[in-house]
Structure formats: structure tokens, C-alpha cells
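The values are calculated or read from the model by the stated rules, or taken from the named source; none is laboratory data. In this text the structure is predicted, and so the values were computed from the model without any measurement. Neighbour counts run over all protein chains shown; Cβ positions are idealised from the backbone, glycine included. These accessible areas exclude ligands, DNA and RNA; they are computed on the full protein's heavy atoms, side chains included. Shrake-Rupley method; radii C 1.70, N 1.55, O 1.52, S 1.80 Å.
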Amino acid sequence: MRSKAKEIKILLVEDELIIGEHISVELQKHGFEVLEILTKGEYALEFLVKKKPDLIIMDIQLAGNLDGIETAKIIGDSYAIPVIFLTSNVDDKTFERSKTAKPSAIIGKPFKSKELIRTVEIVMHT
């Protein structure tokens, strides 16, 4: 897996920049390429017009007009890119709503680095 990690390009959509930077560092330590850290769903949609990542890791709560769930639904309608939700909102209502976006996985915050990396590896190799 480690040799293939460099081939995997990831877009992060996280409005808390410190968390986004932490995620980026962890992914890069394991050989993944982080294309960009964006803070809004609208920015993610604009980015996808120009570049296509292999995977998107997205917070559910985002700044801007679109939250992560709405953004992931739009992405799912237009692109075949898996989305992993990262969220501190793991209540039942949010979980049920998140399922409508058909994410590949959901990881609760705070997360462990090993959990994040293993989830990425599983999503990208299924």
C-alpha cells in the first residue's frame, strides 16, 4: 500500500484550518498527496471543475452556504469520487442525514491518525 499511496490525490474540505493542516500532515506522512485544503463546499465544487482528486475528505459542518452533506450530494450527482465525512456531529439525526449523501465512510472527531489512514486505505482499495 505504501508505494501506491503517492498515487492517491486527496482534497480536504475543512473550515477549521488547524484541523485541516493536521489532517494534511498525517496524510502526507503516509505518502498521500493532498491537493488542497478548502474551507467551503462552494470552493470544493469550483475546484472539481479544474482538478479531480481520487478522494475527498470533508467535514459536515462547513462555512458558506453549503454544508458537507449538501456538497457531497452535488459531488455524487456529477462525479465518481468517494467522500469520507469527518465530523464532530455524530448524533443520530446528523448520521441519518449524512447517509443521504452516500459517503464511503464517516469518521468522528476527534479522530486517531491510524483510524484516518486505515479508512483512506480501505476506501481506496475496495
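Take the range 79-97 and flag every residue that is open to solvent by less than 80 Å² (accessible area, probe 1.4 Å) and touching a residue at least 12 places away in the same chain (Cβ under 8 Å). Listed by number, the residues that qualify are Tyr79, Ile81, Pro82, Val83, Ile84, Phe85, Leu86, Thr87, Ser88, Asn89, Thr94. In the range 103-122, the residues that are more than 18 Å from Thr71 (Cβ to Cβ) reach residues that are open to solvent by 60 Å² or more (accessible area, probe 1.4 Å) and among the polar types (S, T, N, Q) with C-beta atoms within less than 8 angstrom, at least six apart or across chains, in these pairs: Gly108/Ser88; Pro110/Ser88. Given (1) more than 14 Å from the chain's Cα centre (by Cα); (2) open to solvent by less than 40 Å² (accessible area, probe 1.4 Å); (3) among the polar types (S, T, N, Q), where does Thr100 come up short, assuming only one miss? Of (1) more than 14 Å from the chain's Cα centre (by Cα); (2) open to solvent by less than 40 Å² (accessible area, probe 1.4 Å); (3) among the polar types (S, T, N, Q), only one is false for Thr100: (2). Scan (1) open to solvent by 20 Å² or more (accessible area, probe 1.4 Å); (2) over 23 Å from Val25 (Cβ atoms) for the single condition Phe111 breaks and write down its number. Here Phe111 meets the rest and fails (2).
Applying the selection to the range 34-50, what residues are among the hydrophobic types (A, V, I, L, M, F, W, C) and within 17 Å of Asp77 (Cα to Cα)? Walk me through it before giving the result.
Pass one, the range 34-50, residues among the hydrophobic types (A, V, I, L, M, F, W, C): 34-35, 37-38, 44-45, 47-49.
Across the range 34-50, the qualifying residues are Ala44, Leu45, Phe47, Leu48, Val49.
Inspection of the range 67-86 finds no residue satisfying the criterion of being in contact with a Leu (Cβ under 7 Å, 6 or more places away or on another chain) and charged (D, E, K, R).
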